[in-house]
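Student: Mind having a look at this structure? Questions to follow.
The values are calculated or read from the model by the stated rules, or taken from the named source; none is laboratory data. Just so it is clear, the structure is predicted and the values come from calculations on it, not from any experiment. Backbone-built Cβ (ideal geometry, glycine too); neighbour counts: all protein chains shown. Accessible surface is based on the protein model in full, side chains and every heavy atom, while ligands, DNA and RNA are left aside. Shrake-Rupley method; radii C 1.70, N 1.55, O 1.52, S 1.80 Å.
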Amino acid sequence: MPIVLVVDDEEGLRLYMARVLEHAGYKVLLAGNGLEGLAVVERQSPRVHLVVTDILMPLMTGPELVASLAERVVLTPVLYVSGNQGSIEITGPILRKPFLPHELTEMVQLLLLQGPAPAGILERC
């Protein structure tokens with residue numbers, strides 16, 4: 001069963017994504033910010049197969065989380081979710097808030113099938 005880490009500072013959205021993904025058959029780990037996400041990954045065995053993260057969060061942005069993860073663990077596919085990314089440049093797939101349950105599960109399935117990829121390849125998602 002694939003393990004998905006969901007990182008979002010909005011508790012309601014974080015729980016919504018968890019329910020959707022659990023219903024689709026994924027094991028879901030939760031974190032309220034990037035620092036919590038790092039701690040979850042460091043404690044997790046086996047590894048996290050996919051990270052779904054908000055872009056703008058307190059303490060550590062989604063891209064900062066992804067950069068820190070890339071330094072510590074094997075390359076993991078990432079799906080950004082955001083209603084507003086501010087001036088942060090993102091390379092990779094973004095699911096715009098608000099989104100429907102099937103949009104989230106389809107993106108997660110696609111990314112897990114494709115596996116880790118160099119930045120930019122999944123821009124079309």
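Student: Give the carbon-plus-sulfur fraction of the accessible surface of the stretch 27-98 in %, rounded to a whole number; probe 1.4 Å, heavy atoms of protein chains only. Mind showing how you got there, number by number?
Tutor: Numbers: 1900 of 3510 Å².
So the carbon and sulfur contribution to the accessible surface is 54 percent.
Student: Send over a whole-number figure in Å² for the accessible area per residue of the chain, probe 1.4 Å.
Tutor: Details: 6420 Å² over 125 residues.
On a per-residue basis, the chain sits at 51 Å².
Student: Using only DSSP helix segments of four residues or longer, with each worth -39500 (n - 2.57), what per-residue ellipticity at 222 nm results for the chain after dividing by its residue count and rounding to 500? Walk me through the numbers before you get to the answer.
Tutor: Numbers: 4 runs with 48 residues, N = 125.
After summing the helix terms and dividing by residue count, I get -12000 deg cm²/dmol.
Student: For the chain, set up a Gaussian network in which alpha carbons nearer than 10 Å are linked by springs, and say which option among 18, 67, 31 fluctuates the most.
Tutor: It is 67.
Student: At R0 = 22 Å, how high is the FRET efficiency between residue 1 and residue 113 if r is their beta carbon distance? Nearest 0.05 is fine.
Tutor: Numbers: r = 15 Å, r/R0 = 0.69.
According to the calculation, E is roughly 0.90.
Student: Which label marks the calculated value of Rg and Dmax of the Cα atoms in Å, given the options (1) 18.7, 63; (2) 12.9, 36; (3) 15.7, 55?
Tutor: Given (1) 18.7, 63; (2) 12.9, 36; (3) 15.7, 55, the calculated one carries the label (2).
Student: Which of the trypsin sites (Lys or Arg not before Pro) found in the stretch 18-78 are in a DSSP loop and have at most 13 neighbouring Cβ atoms, other than their own, within 10 Å? Numbers along the way, then the final one.
Tutor: Numbers: sites: 19, 27, 43, 47, 72; in loops: 47.
Within the stretch 18-78, the qualifying trypsin sites (Lys or Arg not before Pro) (loop, at most 13 other Cβ atoms within 10 Å) are 47.
Student: Right, something else. Using only alpha carbon pairs under 8 Å that are at least six residues apart, calculate the relative contact order of the chain and give it in whole percent. Could you put the intermediate results ahead of the total?
Tutor: Values: 207 pairs, mean separation 28.5, N = 125.
After rounding, I find 23 percent.
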